[in-house]
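Written out below as structure tokens is the structure these notes cover.
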Amino acid sequence: MSAVIEARGLTKRYGDTVAVDGLDLEIGRGEVFGLLGPNGAGKTTTILMLLGLTEPTEGTVRVLGLDPARDPLAVKRRVGYLPDAVGFYEGLSGRENLRYTARLNRMDPTEAEERIDVLLERVGLADAADRPAGTYSRGMLQRLGIADALVKDPEVLILDEPTAAIDPEGVSEMLGLIRTLATEQGVTQLISSHHLQQVQEVCDRVAIFVSGRIIAAGTTHELALAGTGPERLELRIDGDREDLVRALEGVDGVEEIRRGRRPGSWEVVLERAATGDAVRALVTGGVEVLELRRASEELDEIYHRYFQEVNADVG
């Protein structure tokens, strides 16, 4: 993949406060990249530098080969952006707000109308399209914000908390839209979010962002393998804990067998090097495994482990 977003040593200071600290970032074409971190970690400041809305103190950034600080208008023409707090003209309908955006981007009126109809249907606002935006709920405004970011058919889409205030069904639809944009249209997407499960569902890679720095980046599998803690296998079996104990009693490195977090599941805590031996022992021991997964590859587990390690270093 060629890099669509690339930053090297990107730094932003406000007086003595370092909001972003020497950030290196590379996002490939068509990739869905998740930026994870607590509030105040520097995610939004990073996004503003990518869009040319604030200038970096140090370092370089390129978006589609362009320098956002020197050519922000060219970047904005090719990049769609959904901020964490969307705002529209309340007296205009949802459709009229999108028309206004289309005019700002100098789109052909006929082409714009066709695209607006498609987008309103896609985000589930077709029935409310001609109601004033001031009557929309927060979730509806978020949906309209997605449509607004897509009006100009961008090559890159930057989404800051895209599922905020959306109901569960709407979240599922939104995640499906994000994946479709990547797989069918090749839209590169950067998603800033604290919803770990949602990010794991749609993102190709993730970066864990703490105190202005990316402390780890990669696929969830790569991040899990980089850990130093024990492996955790979560499984459902046709049997009980005694069957697991019996099958695994001869395997060196098994530390604990306990109830899993999911109903009807068990969790085996073991040394990473013992994983293969444990799986083979289950098979040869006649344990019927109905489901098996690496619990240590869940993004919430990975995120909290890295976050705790950083806090321990600071302390």
_Quick check on ARG103: is it in a helix (DSSP H, G or I) and in contact (Cβ under 8 Å) with a residue 24 or more places away in the chain?_
no
*Of the conditions (1) at pLDDT below 95; (2) part of a helix (DSSP H, G or I); (3) of a type in the set (Asp, Glu), ASP84 fails just one. Which one is it?*
(2)
*Are there any pairs, at least 6 apart or on different chains, whose C-beta atoms fall under 6 Å, with the first in region 153-168 and in the same structural domain as ARG106 (by TED's automatic domain parsing) and the second surrounded by fewer than 19 Cβ atoms within 10 Å (Cβ to Cβ) and part of a loop (DSSP other than H, G, I, E, B), and if so, which?*
ASP160/PRO83; ASP160/ASP84; GLU161/ASP84
*asked:* I'd like the residue in region 61-78 that is touching a residue at least 24 places away in the same chain (Cβ under 8 Å) and closer than 11 Å to VAL4 by Cα and, out of all such residues, is surrounded by the most Cβ atoms within 10 Å (Cβ to Cβ).
replied: VAL63
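Tell me whether region 226-240 contains one or more residues that are assigned to a helix (DSSP H, G or I), modelled with pLDDT under 95 and among the aliphatic types (A, V, I, L, M). Break it down into steps so the answer makes sense when it comes.
Here is the first cut: in region 226-240, the residues assigned to a helix (DSSP H, G or I) are none.
Within region 226-240 (the criterion being assigned to a helix (DSSP H, G or I), modelled with pLDDT under 95 and among the aliphatic types (A, V, I, L, M)), the answer is no, since none of the residues qualifies.
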*List pairs: first in region 248-268 and in a strand (DSSP E or B), second of a type in the set (Ser, Thr, Tyr), Cβ under 9 Å, 6+ apart or cross-chain?*
ARG259/SER265
*Extreme residue, nearest to GLY28 (Cα to Cα), among residues of region 210-247 that are hydroxyl-bearing (Ser, Thr, Tyr) and in contact (Cβ under 8 Å) with a residue 24 or more places away in the chain*: THR220
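How about region 42-60: which of its residues are small (Gly, Ala, Ser) and crowded, with 19+ Cβ neighbours inside 10 Å?
The initial filter retains those residues of region 42-60 that are small (Gly, Ala, Ser), namely 42, 52, 59.
Passing the criteria: GLY42, GLY52.
When you go through VAL199, VAL206 one by one, which is the residue that is more than 27 Å from GLU114 (Cα to Cα), assigned to a helix (DSSP H, G or I) and of a type outside the set (S, T, N, Q)? Reasoning before the result, please.
Working: VAL206 fails: assigned to a helix (DSSP H, G or I).
Answer to the check: VAL199.
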_As an exercise: evaluate ARG143 against (1) within 24 Å of ALA295 (Cβ to Cβ); (2) out of contact with any strand residue (DSSP E or B) (no Cβ under 6 Å at 6 or more places or on another chain) and give the number of the one condition it does not meet._
(1)
*Could you list, in sequence order, all residues of region 183-214 that are at pLDDT 90 or above and aliphatic (A, V, I, L, M)?*
VAL187, LEU190, ILE191, VAL202, VAL206, ALA207, ILE208, ILE214
*Identify the residue in region 108-125 that is surrounded by 11 or more Cβ atoms within 10 Å (Cβ to Cβ) and β-branched (Val, Ile, Thr) and, among all such residues, is nearest to GLY170 (Cα to Cα).*
VAL123
*Please indicate, with yes or no, whether at least one residue in region 11-29 is farther than 23 Å from ASP153 by Cα, surrounded by 15 or more Cβ atoms within 10 Å (Cβ to Cβ), touching a residue at least 60 places away in the same chain (Cβ under 8 Å) and within 17 Å of the chain's Cα centre (by Cα).*
yes
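The values are calculated or read from the model by the stated rules, or taken from the named source; none is laboratory data. Owing to the predicted nature of the structure, the values given are computational and were not obtained by experimental measurement. Cβ coordinates were reconstructed from backbone atoms using ideal geometry, including for glycine residues, and neighbour counts include every protein chain displayed.
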